[in-house]
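What follows is a single structure, written as structure tokens, with notes after it.
Please treat every number below as a calculation from the coordinates, not as lab data. Bear in mind that the values here come from a model prediction, so they are computed numbers and not experimental data. With ideal geometry, Cβ positions are generated from the backbone for all residues, glycine too; neighbour counts draw on all protein chains shown.
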């Protein structure tokens with residue numbers, strides 16, 4: 001069970017590393033997505049119980065999983081997806097205007 | 001009760017139903033836009049009148065407290081809601097004559113932005129706060145890129161990288177809070193947060209400081225702000241600089257004070273962290289503003305500096321500092337709104353973005369230049385104006401709390417800002433060789449900044465009226481047990497020093 005937290009930490013750091021070390025716009029977006037996914041994984045892992053079911057009142061059950069983290073995970077996925085879509089759109093526009101995907105060359109704003 | 005939720009619902013609904021109005025009832029489009037702004041404003045004033053006596057809680061869907069999502073509105077939330085609705089209304093009126101293309105997209109996004117901000121100040125639920133935080137952020141990214149120039153895409157992308165990482169950090173903080181307390185209700189967290197181990201609390205504090213700090217542009221996380229605020233359309237710049245960054249600051253304060261008691265914050269030296277990062281933010285903002293040659297970029301850097309003033313006031317962690325900070329938030333929102341709107345008129349009418357090219361423009365645009373001059377002198381903090389009062393309150397509070405360097409930096413910062421604003425004012429009124437004919441400006445365009453600048457008068461002459469209201473805010477922000485008591489519906493509030 002502890003193993004999953006290690007995976008979350010590795011993914012989070014990997015995402016941050018990707019954002020910081022790459023100059024390619026697409027790779028930065030991938031990095032942000034990896035970070036986002038690691039948090040979704042964390043949310044799911046926190047609420048996981050072996051053999052747990054959804055807490056539906058009229059059904060018989062003994063072990064239930066906490067539904068709130070899963071609701072949070074869904075919201076986080078939606079927000080992550082919309083941010084990714086918007087970033088990819090901006091990347092297309094930037095590529096049209098600057099003819100490059102390298103962020104170190106896209107620098108008209110200074111000071 | 002119902003006004004609280006309708007404040008979020010009305011702009012949200014208006015944003016989406018504008019698609020319909022624009023297609024089938026195009027005649028009523030202007031009426032609809034202005035009407036929505038006005039209704040939001042009236043609702044927020046109604047809410048403020050309610051909560052100024054007694055803070056209220058609204059449970060969505062009539063769930064019991066603590067199970068469902070609730071809105072908890074205390075006086076500070078009410079004040080900020082009125083500020084948001086008021087500035088937005090003026091911005092909407094200004095946009096009607098400023099934005100000519102893509103009106104459908106623009107107003108849909110603008111209403112959603114207003115709904116997001118109002119949601120952030122009214123919500124009583126941590127995860128709801130995160131959702132509204134992301135709504136506000138995503139719509140700010142889109143509106144920054146609204147001009148569709150290459151630099152606005154670039155600024156928006158920069159803002160987005162920093163913004164989405166900060167969003168991820170906030171989400172991580174919320175997960176940690178939920179894991180260690182089992183609740184997301186802000187009022188319940190007041191009690192539940194006492195059980196969080198102090199080490200974990202420090203981690204959460206760092207995450208929310210960086211997460212929200214990147215959003216209200218505390219130095220060194222400020223790099224996106226001058227780009228984003230200077231390349232956005234002028235009404236959006238006014239809204240972003242005036243209100244949006246303050247809302248993120250409010251979110252930070254709310255969460256921080258709920259997680260930590262004041263004694264814990266003082267023991268961890270958070271007051272020094274806040275005050276001195278405020279000082280650094282102030283000087284960085286002012287000194288970089290001094291070097292700018294583009295007007296809107298200068299105003300954006302000036303906004304960073306004003307965040308510094310507010311941080312100094314907030315960081316004192318006492319009632320006097322917070323009152324000064326809140327009053328400065330209001331003053332800065334009003335004044336910076338006017339400055340960006342008049343700068344928008346200059347740029348729209350003269351097609352020049354550089355300060356040097358604006359030479360002699362006061363003879364072409366007399367009224368706008370006059371409003372700009374008054375506002376520039378106001379934001380510097382010269383005595384007859386309202387910013388002077390809030391800066392005086394901040395200075396007084398800092399001196400009383402024995403922060404000598406921050407207190408003196410408030411004065412030095414104002415001197416620096418006087419030097420760069422005077423440079424613009426002298427340029428505006430200096431004579432040029434060629435004959436200048438006055439440019440015709442539609443009165444609707446000038447009405448909004450003129451109307452907003454008229455509010456300097458009551459803010460400067462009758463500060464006590466507003467301060468009486470502001471004085472109630474620290475009671476719920478600093479003494480969070482009062483915030484918890486809203487949940488129970490008690491009538492008695494524990495005094496700040498009781």
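What the table below lists for this structure:
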read-out: Using a Förster distance of 35 Å, the FRET efficiency for residue B:202-residue B:405 (Cβ separation, nearest 0.05); value: 0.85
read-out: Theoretical FRET efficiency, 1/(1+(r/R0)^6), r = Cβ-Cβ of residue B:481 and residue B:396, R0 30 Å, to 0.05; value: 0.65
read-out: Viscosity 0.692 mPa s, temperature 37 °C, Stokes-Einstein D of the protein assembly as shown from Kirkwood C-alpha radius, µm²/s; value: 132
read-out: Per-residue average of Cβ from other chains inside 10 Å of A:37-43; value: 3
read-out: The range B:131-289 - percent relative contact order, Cα under 8 Å, separation 6 or more; value: 28
read-out: Cα centroid separation - the range B:192-240 against the range B:11-53, whole Å; value: 29
read-out: Largest to smallest principal axis extent of the C-alpha atoms in chain B, angstrom; value: 72, 60, 42
read-out: Taking chain B and dividing mean pair separation by its residue count, relative contact order in percent (alpha carbons under 8 Å, at least six apart); value: 16
read-out: Efficiency of FRET from Cβ geometry, residue A:85 and residue A:64, R₀ 30 Å, rounded to 0.05; value: 0.30
read-out: Nitroxide proxy distance, nm - points 7 Å out along Cα→Cβ at residue B:273 and residue B:103; value: 4.9
read-out: Sequence-separation-based contact order of the range B:269-454, relative, with Cα cut under 8 Å and 6+ spacing, percent; value: 27
read-out: Packing-based ranking, highest mean first, of A:27-40, B:259-272 given that Cβ atoms within 10 Å are counted; value: A:27-40, B:259-272
read-out: Whole-Å distance, taken between Cα centres, linking the range A:1-79 and the range B:82-108; value: 38
read-out: 10 Å Cβ neighbours from other chains, averaged over peptide B:163-176; value: 5
